[in-house]
1. Tell me which of these V211 doesn't satisfy, since it passes every other one: (1) in a strand (DSSP E or B); (2) at pLDDT below 95.
2. Looking at region 86-109, which of its residues are outside any loop (DSSP other than H, G, I, E, B) and in contact (Cβ under 8 Å) with a residue 60 or more places away in the chain?
3. Would you check if T181 is among the hydroxyl-bearing types (S, T, Y), within 30 Å of Y83 (Cβ to Cβ), assigned to a strand (DSSP E or B) and modelled with pLDDT of 90 or more?
4. Is it true that some residue in region 66-85 is more than 29 Å from N231 (Cα to Cα) and not in a helix (DSSP H, G or I)?
5. Give the residue, chosen from Q7, Q94, that is modelled with pLDDT of 95 or more and either farther than 30 Å from S130 by Cα or not β-branched (V, I, T) (or both).
6. For residues that are over 23 Å from V54 (Cα atoms), touching a residue at least 24 places away in the same chain (Cβ under 8 Å) and touching a helix residue (DSSP H, G or I) at 6+ places or on another chain (Cβ under 7 Å), scanning just region 172-210, find the one that is surrounded by the most Cβ atoms within 10 Å (Cβ to Cβ).
Amino acid sequence: MKNKHAQLTLFIIIALVIVALLLVLFYPRIKTIISGPVPTDYIKECGEKATKEVLDKVRMQGGSLEPENYILYDGNKVDYACYTNEYYKTCVMQKPFLKQDIEKEIINYVEPKVKKCAAELKSQLEKSGSSVTLQDIKVIASIIPNSVLVNVNVPMTVTKGSTARLEKFKINVNSQLYDLTILASAIANYEARYGSSDSLTYMLYYPDIKVEKKELSDGETIYILTYKPTNEKFMFASRSIAWPAGYIGDRTK
């Protein structure tokens, strides 16, 4: 029995020595398959940064990266969710599919950023002697409850002795943008029908969201929606049932 235990112990020691030798011999080769930044980490960090940048912009600009019809408020170009340029009339919905519009804005911002980072990585890897193939990059964005999810497809193959392949990864940003956009759409839709909304009513239905209504000149209104637990904000503008200067008639009609 002692001899058998001794033999087993010896076999285990020999196996460990062999594994250690293999690591010593082949680790430099494994390491140099992809020298420089690790593709997954490098491109994922790039995508995460771009996603956070675009969310910071669209939340303060009514859901648009480059607003065309907007109010300048507190240094932000706040896009209209509902608008009319006439007096006495209710506004017309400008963004009937606000959530989907923002998802497109995320894709339009993140995709070229990721493509640029992937091209830079490809160049670095090729300078180190790797052979790199990079196919078309695609980004899909989804605003879902409690999160903004971005799926990135980066078909990249890196060869240097051995081959490594990068395919897909996900970016998940904690956010209440889903509830904020749903509420913004509800307010804009109400103004399109009836001309004005009551902030307190919406806060009863969404107790975690603070609804601020800033009435400006010429019938323009800024809405600021704030998710209280995290202070995440979404702003949008509206112009509905505007009254000309000096009008003193019955505004309830």
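The values are calculated or read from the model by the stated rules, or taken from the named source; none is laboratory data. Since the model is a prediction, treat every value here as computed from it, not as a measurement. Every residue, glycine as well, gets a Cβ built from its backbone with ideal geometry; the counts of neighbours run over all protein chains shown.
1. V211 satisfies every listed condition except (2).
2. Y87, V92, M93, L98, K99, I102, listed by residue number.
3. Against the criterion (among the hydroxyl-bearing types (S, T, Y), within 30 Å of Y83 (Cβ to Cβ), assigned to a strand (DSSP E or B) and modelled with pLDDT of 90 or more), T181 does not qualify.
4. Among the residues of region 66-85, at least one is more than 29 Å from N231 (Cα to Cα) and not in a helix (DSSP H, G or I), which makes the answer yes.
5. None of the others qualify; the one that does is Q94.
6. I187
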